[in-house]
Every structure is written in C-alpha cells, then in structure tokens.
Amino acid sequence: MFDVALPEVASALGRQPAAVRQLASRARKHVRGTKPRFVVDAVEADRIARAFFAAARDGDTVRLSQMLAHDVEIHADGGGKVLAFRNIVRGIDRALRLFAGLRRKFATPPTLLRTVMIDGLPGYISMDRGDILQTTALDIHEGRISAIYIVRNPDKLAHIAASACTD
C-alpha cells in the first residue's frame, strides 16, 4: 500500500520483520472482516438529511429531540477562518439549546444547496448565514443521529465552492 517493504518498516519501528509481517497480516484480516459502518441507501439518506436540515434551520427542538441520540456529539471545523464551535458539543440537551439559540440569534436562515453523501454518511451542503459554505454529515446509529460533523473551513471546501459556482 505504501510501497515500503516490510523489512524497512520493521527497521523504522525497531521491530523484527516477522513481527511486522504478523501485524500486517492481522491488520489486513481486520480490514477485510470489518463490515461497512454506515449503510444508508440514497433515498433514506436524502430523507434524513432534509429532515435534519429543516429541523435545525427552524430550531425545532421537538423534531430534533426525536432525531438525536442522547449522547450526540457536534464537531465543527472552521479552520480559524470562519466562525465555528471551538469545542465539541456533547449531549442532546446542549445540542437542542444550540440549535434553538442559533435560530433566535440569526434572522437569515441557512439555505440548503443539495443533499449528498459525505464519507459514506448522509449529509448536505448549505449556505449558512453570511454566505458561508458548509457541509454537514450525519452519523446514524440505531435510528438516531449520534454525531454531526460540520465543515466550514474554506480551505477544505474550495473544491465544493468551485463546483457550486458551475452548477
């Protein structure tokens, strides 16, 4: 995979070549044996993403509380260039307060550009208040959203911004 011979890896790690071969063999078996974490068909992914977007946009804590796991986490990446949450928001109570507060604070709601799959997760691309492009991916476990990954960092979204201008 990395075009580095196992003896070279062993040398770099200070391990015996046989031990490194065994580690590599176990890792390959583990990867092959692992089932995909996220199995959501396109229609269901679109439905989930649209429902979450609408509830979050509207600050609808009743609908959000039905969608979010009790221990939900919200991760945001602004890259220090645009406003984003500095810390992970943990727990449904904090998440609900966050979405309700965003709705109260900003008069202009975000705009849904399109739903997409992001790293195998249902999600969407939106234009947030102040014309900030963002992606939101939703990690779903046992029918509830267990994690929300928001990327607002313009450096990481340059390829999306370029395609949004040509659509």
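Every read-out reported here was derived from the displayed coordinates using simple, explicitly stated rules and does not represent laboratory data. Just so it is clear, the structure is predicted and the values come from calculations on it, not from any experiment. Backbone-built Cβ (ideal geometry, glycine too); neighbour counts: all protein chains shown.
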Spin-label model distance (nm) - LEU102 vs ALA54, 7 Å beyond Cα toward Cβ: 1.8
Percent RCO, i.e. relative contact order, over the chain, from Cα pairs under 8 Å lying at least 6 residues apart: 21
Sequence of ARG129, ARG26 once ranked by neighbouring C-beta atoms within 10 Å, starting from the fewest: ARG26, ARG129
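Given the Cα-Cα distance of HIS75 and ALA42 and 0.36 nm per residue of separation, how much length would full extension add, in nm? If you can, show how the numbers build up before the last one.
Working: separation 33, 0.36 × 33 = 11.88 nm, distance 2.35 nm.
This chain segment gains 9.5 nm when fully extended.
Using the Cα centre of segment 38-167 as the reference point, and only Cβ charges (+1 on K/R, -1 on D/E), how large is the resulting charge dipole? Debye, rounded to the nearest 20. If you can, show how the numbers build up before the last one.
Working: 17 positive and 16 negative charges, 124 e Å.
Computed about the Cα centre, the dipole is about 600 debye.
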From the coordinates shown, Cα Rg over 2.2 N^0.38 Å corresponds to which of (1) 1.31; (2) 0.94; (3) 1.13: (1)
